[in-house]
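Engineer: Sharing a structure, written as structure tokens. Questions coming.
Read the figures in this text as sums done on the coordinates, not as results from a lab. A quick note: this is a predicted structure, and the numbers were derived from the prediction, not measured. Counting neighbours? That spans all protein chains shown, and the Cβs are built from the backbone with ideal geometry, glycine included.
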Amino acid sequence: MSTSIWVTFVRHGGSQVRRGALLKTRILQDNTRIISASYCPTVGRRALSSRFDPDGSGRPATWDTFGIWDNRIDEPIQLPPSIKYGKLIPRINLSKVGCSTQLVKRKENEDRFNYAKLTDDVLYFAVYDGHGGAGAADFCNRFMAKKIKEFLKEEEDLEKVLTKAFLEIDKAFARHAHLSVDATLLNCGTTATVALLRDGIELVVASVGDSRALLCRKGKPLKLTIDHTPERKEEKNRIRECGGFVAWNSLGQPHVNGRLAMTRSIGDLDLKSMGVIAEPETKRVKLHHADDGFLVLTTDGINFIVNSQEICDIINQCHDPAEAAQVLTEQAIQYGAEDNSTAIVVPFGAWGKHKSSEVSFSFSRSFASSGRWA
């Protein structure tokens, strides 16, 4: 065992480090064999048939070739994080991320989405669903990633990074709206659901409004967000304590001051004094790539017409994330969605592993497509 592994073991200890050290030892051994193979052709043929180059192609080993996951995504292993966490962690390739947005029965598509690599170890995924105009959603789409990147330089905790970024973006948008000649900016707002993935294993999600994030684990949905609506007791109490009120429309939907269907958002400056806040709720999850198929972010055009299990089932029927995002947004329209539909699908280690034989369908969903009960 090398000196560096012993230093790591002494510094951290624990079973995870022991597994990490073992993994690194095996990798170093395989690398040594491959290097030595360049000097001896007969040894080289044997070395290149090792599990880190099973087909002798010379290409880097991928987590798919280990036979641990039944999937159709072929990506290299991230070596430093795998050693750090003591388990195999695949590289999440942004070129494999699927995304789709559909204009439905609206004059304008106010949904926005984005994803990017912010640092060497942090990826960013986001959906924004604007209302009252696209101004707030556009502003978030332009500046949220930059603001998060700034806070990453001074803060290690991703939940704190996202909370600070949301609040700062809301303040920045308020300054922008008050200085703009466009008066509509004062009354527009947006949901925001943002996910950060560090080292391919640490997933943190923050949200305001009713756009959602869910993780598909063993074919079942794990909800990472909770809608901010006046139906939630703590949200309704805050609105009332701040002088606002909740009114129900003819469809039975509660609205803040009879206008806004959510209790948290970025923008909606005229309702900020009434308890509508931009502070997000956050959720931290450690990924299990042997079980986790994908992360999906969706706007309410999908959420209120397709339930979480149906989202998992629809995506699991698809060959790749690009197709999955397209099919999901189109399926929402076929089911009777009346709002714009947007989805981002991020594949993980168990992509393609958990499939359902059929996708359920309810004929009653078309009657509830414009409501909040689907």
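Engineer: Need the list of lysines near residue 84 for cross-linking: C-alpha distance under 16 angstrom, and skip anything on the same chain fewer than eight residues off.
Structural biologist: 24, 286
Engineer: Which lysines does residue 171 reach when only Cα atoms under 26 Å apart count, and residues fewer than 8 places away in its own chain are ignored?
Structural biologist: Straight-line reach from residue 171, under 26 Å: 117, 146, 147, 149, 153, 160, 236, 272, 283.
Engineer: Now for a separate question. Which order, highest average first, do 262-271, 283-292, 212-221 follow once you tally other Cβ atoms within 10 Å for each residue and take the mean per peptide?
Structural biologist: Ranking, from highest mean packing down: 262-271, 212-221, 283-292.
Engineer: Separation between the residue 309 and residue 242 pseudo-spin-labels, each 7 Å from Cα along Cα→Cβ, expressed in nm?
Structural biologist: 3.6 nm
Engineer: When the chain is fully extended, how far beyond the present Cα-Cα distance does residue 323 get from residue 91, taking 0.36 nm per residue of separation?
Structural biologist: 81.5 nm
Engineer: Tell me, 276, 256, 204 in order of fewest to most beta-carbon neighbours within 10 Å?
Structural biologist: Ranking 276, 256, 204 by Cβ neighbours within 10 Å, fewest first, gives 204, 256, 276.
Engineer: Evaluate the distance, in nm, between pseudo-label points positioned 7 Å from the Cα of residue 257 and of residue 176 along their respective Cα→Cβ axes.
Structural biologist: Going by the 7 Å Cα→Cβ label model, 2.2 nm.
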